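**Q** This is the structure, below, for whatever I ask next.
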Amino acid sequence: MRIPEDRYYSEHHLWVKRLRGNKALIGLTEVGQLTLGEILDLELPEEGDELEREEAFGSVESSRGVVDLISPITGKVIAINEEILDSPDIINEDPYDEGWLLKVALDDPEELEELLSPDDYEDIVADIEIPVEEEFELEEIEE
């Protein structure tokens, strides 16, 4: 399980990577996407929408159900990863790079310090059991 050191984390399995100029990317952690299973669809805010910390800003539909995305920070959405709207499976393949969700202008950069460090997040997820996708064995057909 990867937990990059250059990010902050939330208990809701989202990561935040600080960028220059009080901007940040938000994405779903590897543990988050593994727990959800195959991601089928996303509902995300639009550019210009405001995010409030600890409030839902969208949802993820997966092979195991639909869950709300809870914002780890307060700020204004300045970009959406359009690629994942067309191919949400990118999040399963690459949650920390190509699978980012939103770019946000932070209202208060110090709010990041209230999030979990990589070590703290690792402690929280250490005991989470990741469901295994069921595999079906194909029986050989006798001719």
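**Q** For region 15-49, which residues satisfy the criterion of being closer than 16 Å to E114 by Cα, part of a strand (DSSP E or B) and either more than 15 Å from the chain's Cα centre (by Cα) or not small (G, A, S) (or both)? Please lay out each step first, then the result.
**A** Taking region 15-49 and keeping what is closer than 16 Å to E114 by Cα, we get 15-18, 22, 24, 26.
Then keep just the ones that are part of a strand (DSSP E or B); that gives 15-18, 24, 26.
Scanning region 15-49 gives W15, V16, K17, R18, I26.
**Q** Let me ask another. Any residue at all in region 50-59 that's within 19 Å of D120 (Cβ to Cβ), part of a strand (DSSP E or B) and either small (G, A, S) or touching a residue at least 40 places away in the same chain (Cβ under 8 Å) (or both)?
**A** Quick first cut of region 50-59, residues within 19 Å of D120 (Cβ to Cβ) only: 53-54.
Retained after the next criterion (residues that are part of a strand (DSSP E or B)): none.
Within region 50-59, not a single residue is within 19 Å of D120 (Cβ to Cβ), part of a strand (DSSP E or B) and either small (G, A, S) or touching a residue at least 40 places away in the same chain (Cβ under 8 Å) (or both).
**Q** Given (1) under 19 Å from I128 (Cα atoms); (2) surrounded by fewer than 19 Cβ atoms within 10 Å (Cβ to Cβ); (3) in contact with a Ser or Thr (Cβ under 7 Å, 6 or more places away or on another chain), identify the lone condition not met by E52.
**A** Answer for E52: the failing condition is (1).
**Q** Can you work out which of the residues in region 112-134 that are in a loop (DSSP other than H, G, I, E, B) and in contact (Cβ under 8 Å) with a residue 60 or more places away in the chain is surrounded by the most Cβ atoms within 10 Å (Cβ to Cβ)?
**A** This residue is L115.
**Q** Now a separate question. Could you list, in sequence order, all residues of region 80-111 that are among the polar types (S, T, N, Q) and buried (at least 16 other Cβ atoms within 10 Å of the Cβ)?
**A** Matches in region 80-111: N81, N92.
**Q** From the list V31, V77, pick out the single residue that is over 25 Å from E129 (Cα atoms) and surrounded by 14 or more Cβ atoms within 10 Å (Cβ to Cβ).
**A** Answer to the check: V77.
**Q** Still on this structure, I have one more. May I ask you to verify whether S87 is farther than 13 Å from L101 by Cβ and free of Cβ contacts under 8 Å to residues at least 24 places away in the same chain?
**A** For S87, the condition - farther than 13 Å from L101 by Cβ and free of Cβ contacts under 8 Å to residues at least 24 places away in the same chain - is met.
**Q** Can you tell me which residue is farthest from I84 (Cα to Cα) among those in region 17-28 that are surrounded by 21 or more Cβ atoms within 10 Å (Cβ to Cβ) and among the aliphatic types (A, V, I, L, M)?
**A** If we take residues in region 17-28 being surrounded by 21 or more Cβ atoms within 10 Å (Cβ to Cβ) and among the aliphatic types (A, V, I, L, M), then A24 is farthest from I84 (Cα to Cα).
All of the numbers you see were taken from the coordinates with simple rules; none came from a lab. Quick caveat: nothing in here was measured; it's all calculated off a predicted structure. Quick reminder, even Gly has a Cβ in these numbers, built from the backbone with ideal geometry, and neighbours come from all protein chains shown.
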